[in-house]
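Some notes on the structure that comes next.
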Amino acid sequence: MGGKKKESKDMHPINQAVQKLISMMKECGIEESPVFLTPDYDLTKCAYEHGVPVQTLFGGRSAVFVSEEPVKATTKASFMINATLKKPAQRAAAAGIVNAVAGFLCVSRKLHACSQDQHVSCRETLSGQIKGKKVFCCGEMPDARKLAGSYLVDKPDDADVILITGDGLIDNNSEIIGQCPIEKLLCLGPSTAGVAYFLGCNHFCPYGRANLQTSEE
């Protein structure tokens, strides 16, 4: 058992999340259902996210993943079963699918960013949550870095809390996430919601929407 646990930790966090999701999809018989990924520059982005919003549709459920890898594809969730997901674009597509399927299965409700008029309140809430803590940022997130101020550190080992955004999640160096204590990790925004759920990480998206019309907790 110990060997299996170590092997899982050595995997990229998105691969870990995909493995757990695949078992759920097989139980439900939905792994061959179609999934549609479409870049949508008009979608509202989370204040901490960096890149292009890619809307993912699965079973009538819509979710988003924001990154510099704007994937456009029509595929099936089963493509992830044996995929190594070595490239950031493949990880971005997989993370978007994880978000949409997690929404379809009702295990995640933070599928889209909040409206821009809620960004100030969100920053204030995050500021209070990380106040006085040493922060390491896995991802661009200039707003979060500004909030951290002098408490921003260069090494995850020195941090009290590790903030993770979608672009940081798909980065080649994001394996460090699996090497850090789970209680240190705080995933930000709707892009990380599905992976955060399947990895058991804390997730921060207080005003994220379950769909594009309403704000649901």
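The values are calculated or read from the model by the stated rules, or taken from the named source; none is laboratory data. The shown structure was predicted, so the numbers you read here are calculated from the model rather than taken from an experiment. Because the Cβ atoms are built from the backbone with ideal geometry, glycine has one as well, and the counts that use them run over all protein chains shown. Accessible surface areas use protein heavy atoms only, side chains included; no ligands, DNA or RNA. Shrake-Rupley method; radii C 1.70, N 1.55, O 1.52, S 1.80 Å.
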(message) Let me confirm something: among 199, 185, which residue is of a type in the set (A, V, I, L, M, F, W, C), within 18 Å of the chain's Cα centre (by Cα) and open to solvent by 10 Å² or more (accessible area, probe 1.4 Å)?
(response) 199
(request) Sort through 126, 105, 147, 152 and tell me the only one that's at pLDDT 95 or above, open to solvent by less than 50 Å² (accessible area, probe 1.4 Å) and in contact with a helix residue (DSSP H, G or I) (Cβ under 7 Å, 6 or more places away or on another chain). (result) 126
(message) Restricting to region 71-103, count the residues that are within 17 Å of residue 54 (Cα to Cα) and in a helix (DSSP H, G or I).
(response) 17
(request) Pick out the one residue from 78, 115, 67 that is touching a Gly at 6+ places or on another chain (Cβ under 8 Å), among the hydroxyl-bearing types (Ser, Thr, Tyr) and at pLDDT below 95. (result) 67
(request) Could you check how many residues of region 10-35 are surrounded by fewer than 15 Cβ atoms within 10 Å (Cβ to Cβ) and within 22 Å of residue 105 (Cβ to Cβ)? (result) 8
